[in-house]
Amino acid sequence: MTQLQDIKKVRIQHLAQAKAAGQKTTMLTAYDTPTAAIFDATGIDMLLVGDSMGNAVLGYDSTLPVTLDDSLRATRAVAAGSSRSLVVSDLPFGTYEASPEKCFDSAVALMKAGAEAVKFEGGARVAPQIHLLSQSGIPVMAHLGFTPQSVNTLGGNRVQGRDDASAKRLAEDALAVQDAGAFAVVLELMPATLAADLTARLDIPTIGIGAGPGTDGQVLVWTDMAGMGDWQPSFAQRFGEVGAALRVAAQAYGSAVRDGRYPSEEQSFTS
Ligand code: KIV
């Protein structure tokens with residue numbers, strides 16, 4: 001098979017082929033045009049317009065306050081910045097759970113804004129939603145394990161599937177979302193052995209976050225991945241120090257303005 005990195009435009013079929021060929025897939029969150037353009041140009045396969053924007057860039061304590069309007073605006077921006085990556089947009093809390101019809105309306109709005117697939121949280125309980133969307137031409141990525149929109153029922157950011165009963169429930173949910181038509185599933189915060197086992201049992205690709213190395217691909221929140229803030233979860237690696245670089249640039253700009261070094265004569269217009 002052609003290497004995934006040589007594909008000019010990533011589509012859901014390429015992700016299935018990558019799983020069959022044992023090639024790992026890459027996904028990062030993006031919430032605006034400039035970061036989407038950088039990740040797209042570096043060959044990241046999927047850009048997730050995640051509701052993690054709530055914590056990462058909107059200043060909220062959780063993903064719960066994020067609205068469909070927030071997600072629509074960010075989806076338009078990310079779609080404008082990407083050409084190769086598959087753009088996947090999250091359905092925010094409250095926009096899909098109540099019925100397949102409500103889910104369909106929210107997903108259609110995101111697709112019209114430039115999403116190429118949608119993601120939402122839950123297993124068997126949202127199988128009817130997954131079925132309706134995938135039958136209607138809207139690819140669905142499922143999301144199992146720790147599901148941040150359920151933080152209040154899960155009792156905080158906790159690793160899921162540690163005991164036999166909850167591991168069994170997760171396996172049932174994984175098969176339910178696959179049977180309903182999901183093209184891929186995010187596995188968040190679970191033991192590596194469980195994620196590897198689910199990956200082996202499923203035909204669809206798994207994308208892990210805090211789920212060890214045995215999944216078909218990995219996803220990270222970009223601000224954690226690039227060292228934008230002072231803290232990141234223990235499973236995330238800082239692959240850069242973007243926050244520190246921005247601080248240096250802002251300090252240099254402030255000093256140059258205060259000292260009268262910026263703008264120079266060359267940077268000023270003559271009449
Ligand atoms: O919103 C998000 O960024 C996510 C990832 C954590 C998978 O759902």
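What follows is calculated from the coordinates using simple rules that are stated; it is not laboratory data. Just so it is clear, the structure is predicted and the values come from calculations on it, not from any experiment. We place every Cβ from the backbone using ideal geometry, glycine too, and count neighbours over all the protein chains shown.
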Per-residue Cβ neighbour rank within 10 angstrom, fewest leading, I44, I7: I7, I44
Cross-link table K119/K168; K8/K102; K9/K119; K19/K102; K9/K112; K24/K168, entries beyond 29 Å C-alpha to C-alpha: K8/K102; K19/K102
Amide H contacts under 5 Å for K119, placed H, 5+ residues apart: S89, D90, L91, M141
Beta bridge orientation in the chain: antiparallel %, DSSP, nearest 5: 5
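How much of the DSSP beta bridge set in the stretch 26-147 is antiparallel, as a percent to the nearest 5?
Working: 1 of 15 bridges.
Just about 5 percent of them are antiparallel.
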Protection proxy ranking, peptides 170-179, 111-120, 45-54, average beta carbon neighbours within 10 Å, highest first: 45-54, 111-120, 170-179
For Y31, Y262, order by how many other beta-carbon atoms lie within 10 Å, fewest first: Y262, Y31
Mean Cα-pair separation over length for the chain, i.e. relative contact order, pairs under 8 Å, 6 or more apart, %: 15
Choice from E97, E121, E188 showing the highest fluctuation, given a GNM over the chain with Cα pairs closer than 10 Å: E97
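Once you have a ≥ b ≥ c as the square roots of the Cα gyration tensor eigenvalues for the stretch 4-240, tell me rounded if a/c is under 1.5, and otherwise prolate or oblate according to whether a/b is larger than b/c.
Numbers: a/c = 1.15, a/b = 1.12, b/c = 1.03.
Note, shape of the stretch 4-240 comes out rounded.
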P(r) of the stretch 141-206 over all Cα-Cα pairs, binned every 10 Å from zero, in whole percent: 22, 57, 21, 0
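Mind sorting V159, V186 by how few other Cβ atoms lie within 10 Å of their own Cβ, fewest first?
V159, V186
Taking only C-alpha pairs under 8 Å that are 6+ residues apart, what is the relative contact order of the stretch 127-271 in percent? Please report the intermediate quantities before stating the final value.
Details: 201 pairs, mean separation 23.3, N = 145.
Computed over the stretch 127-271, the figure is 16 percent.
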Euclidean distance between Cα centres, the stretch 99-129 to the stretch 194-271, Å: 28
Helix-derived mean residue ellipticity, 222 nm - over the chain, DSSP H n ≥ 4, -39500 (n - 2.57), to 500: -12000 deg cm²/dmol
Net charge dipole size for the stretch 112-271 [Lys, Arg +1 and Asp, Glu -1 on Cβ; Debye, nearest 20]: 260
Given charges at Cβ of Lys, Arg, Asp, Glu: the chain dipole, positive-most of Q17, G240, V257: Q17
